[in-house]
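Take a look at the structure below.
The values are calculated or read from the model by the stated rules, or taken from the named source; none is laboratory data. Nothing here was measured: the structure is a model prediction, and the numbers come from that model. All Cβ positions, glycine included, derive from the backbone under ideal geometry; neighbour counts span all protein chains shown.
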Amino acid sequence: MSSSLLTPRVAVIGAGLMGREVASAFGRWFSLLDCPVRPELVAVCDVNAAALDWFRQVPTVRHFDTDHKVMLARADIDVVYVAVPHHLHEALYLDVLRAGKDLLAEKPFGIDLAAATRIRDECVKLGRFVRVSSEFPFLPGAQRAIAYARSGSLGKILSIRNSFLHSSDLDPTKPINWKRQNKFCGEAGVMNDLGLHVAHVPLRMGWKPKRLYAQLQKIYTERPDGKGGMAPCDTWDNASLHCTVDLPGQPDVPLTLEMKRMSPTDTNSWEIEILGTDGGVRYSTKLPKTLLTFTRGKEQTWSATDLGFGTPFKTITGGIFEPGFPDILMQMWAAYLAERAGQLGDRFGCATPDEAVAHHELWAAALHSQAEQRVVTL
Ligand SMILES: NC(=O)c1ccc[n+]([C@@H]2O[C@H](COP(=O)([O-])OP(=O)(O)OC[C@H]3O[C@@H](n4cnc5c(N)ncnc54)[C@H](O)[C@@H]3O)[C@@H](O)[C@H]2O)c1
């Protein structure tokens, strides 16, 4: 197998919050025991030259660019991770693909449905390997919930709920940033920002909504601009999507997708709950070690399983220890690169371009539903 598959040379465009996490994941790649690929971070690009400086401590990085076209012209790059504001996704993703590189894209994969569709079509046309970042399914609790749902132990499914909840925007003095402005984040607002995290597992399970009713809220309409004035904050802050899904032999199952920037008491809570007639499963990052399951009986009882380090790719870390965000990000990268090398096996893979387009179809329908205050058929 070629070295570009087994030892890919990776570049990052966008040296912000997420760009740095890649260096962190690759820097301790040796902790993985059964991963068939070994990436090397070789290049970083950001329009803000100062943002590159943090990467100078990463020994493998040899290219520091402020123009992504200069970076993409380099021959010694196989895979590019792009983590930039949403209004730039389409142009940069297309440039990556046309430069002949593979891509790990960030959500929401283009600012809207039209952009996502154009990117997906170019991926197909050029035959590049492209996936979209979504790390929560790689949590041991999420893996167990997915396995439980697939096991058939649920009986007839009664309801499905997946949420991703923040509370940092409750503070009205928090300054504006690009994620709170439609022109940078997209009209879908919080759905563009948090939505792929909640719909990825349901869509992968085949729970595709056929109808939805959206409740979207804008709570604070302006925020400090950081220069002594106020700036418009025009994105949707909270979104609750009440969806209907047809399952085999089971029509009209309710699926609720919640994405909130203002959810009191939640810092970064990712939650999934699937209830059936015979069993159920519930997992939340609020209690990251705890998997709740029930089996139908005389009494109504949740059983709590104390989880350990049950990640899809085994590591040197003791099986009873606790995983966290950097761990699942590394697992997600391992899944992306292993799938690229044809070595994923039966592990969970990152979101595909088709799935990213399907997410945007939901957000477009939700905007429709909100504007017309009615149920929308997909
Ligand atoms: N998977 C996750 O959990 C997760 C978490 C946060 C953000 N994200 C996504 O990651 C992406 C980036 O978000 P972030 O929070 O890292 O943003 P950020 O604002 O922290 O960083 C973005 C960086 O991109 C740089 N940039 C802007 N234009 C550029 C250009 N033309 N070329 C090169 N660099 C450019 C900026 O200077 C900045 O350093 C978004 O798509 C966001 O939705 C994903």
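Within region 229-245, the residues that satisfy the criterion of being assigned to a loop (DSSP other than H, G, I, E, B), closer than 17 Å to LYS183 by Cα and either more than 22 Å from the chain's Cα centre (by Cα) or of a type in the set (Asp, Glu) (or both) are CYS233, ASP234, ASP237. The set of residues in region 98-114 being within 12 Å of the ligand (Cβ to nearest atom) and either assigned to a helix (DSSP H, G or I) or among the charged types (D, E, K, R) (or both) consists of GLU106, LYS107. The single condition from (1) within 16 Å of the ligand (Cβ to nearest atom); (2) without any contact (Cβ under 8 Å) to a residue 60 or more places away in the chain that MET259 fails is (2). PRO137 meets all of the listed conditions (1) away from the ligand (no atom under 16 Å from the Cβ); (2) assigned to a helix (DSSP H, G or I); (3) under 23 Å from GLY342 (Cα atoms) but one, namely (1). Residues of region 216-239 that are under 28 Å from GLY206 (Cα atoms) and either in contact with a Ser or Thr (Cβ under 7 Å, 6 or more places away or on another chain) or of a type in the set (A, V, I, L, M) (or both): LEU216, ALA239. At least 3 residues being under 22 Å from LEU344 (Cα atoms) and modelled with pLDDT under 95 is the threshold, and among the helices (runs of 4 or more DSSP H) wholly inside region 3-97 those reaching it are 3-6.
Filter region 276-333 for residues that are charged (D, E, K, R) and surrounded by 17 or more Cβ atoms within 10 Å (Cβ to Cβ); which is farthest from ALA23 (Cα to Cα)? Working first, answer last.
Taking region 276-333 first, the residues charged (D, E, K, R) are 278, 282, 286, 289, 296, 298-299, 306, 314, 322, 327.
Applying the additional criterion that residues be surrounded by 17 or more Cβ atoms within 10 Å (Cβ to Cβ) yields 282, 327.
On the way: ARG282: 32, ASP327: 13 Å.
Step by step, filter region 276-333, then rank; the result is ARG282.
Conditions (1) surrounded by 20 or more Cβ atoms within 10 Å (Cβ to Cβ); (2) more than 30 Å from LEU292 (Cα to Cα); (3) acidic (Asp, Glu), marked per residue:
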| position | (1), (2), (3) |
| --- | --- |
| ARG98 | no, yes, no |
| ARG131 | yes, yes, no |
| ARG144 | no, no, no |
| GLY152 | no, no, no |
| ASN162 | yes, no, no |
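Residue-wise test of (1) of a type outside the set (Phe, Trp, Tyr); (2) under 20 Å from PRO172 (Cα atoms); (3) part of a helix (DSSP H, G or I).
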site	(1), (2), (3)
GLU187	yes, no, no
ASP193	yes, yes, yes
LEU196	yes, no, yes
TYR220	no, yes, no
LYS227	yes, yes, no
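Has region 162-174 got at least one residue that is acidic (Asp, Glu), within 30 Å of ALA341 (Cα to Cα) and at pLDDT 95 or above? For region 162-174, residues acidic (Asp, Glu), within 30 Å of ALA341 (Cα to Cα) and at pLDDT 95 or above: absent.
Among residues of region 8-20 that are closer than 15 Å to TYR93 by Cα, those with a Cβ under 9 angstrom from a residue that is more than 6 Å from the ligand (Cβ to nearest atom) and among the basic types (Lys, Arg), sequence gap 6+ or separate chain, pair up as ALA11/ARG74; ALA11/LYS101; VAL12/ARG20.
Only residues that are in contact with a strand residue (DSSP E or B) (Cβ under 6 Å, 6 or more places away or on another chain) and not in a loop (DSSP other than H, G, I, E, B): list them for region 307-333, please.
Step one: of region 307-333, the residues in contact with a strand residue (DSSP E or B) (Cβ under 6 Å, 6 or more places away or on another chain) are 307, 313, 315.
Correct list: THR315 only.
When the test is whether a residue is in contact with a strand residue (DSSP E or B) (Cβ under 6 Å, 6 or more places away or on another chain) and more than 11 Å from the ligand (Cβ to nearest atom), ARG62 passes it.
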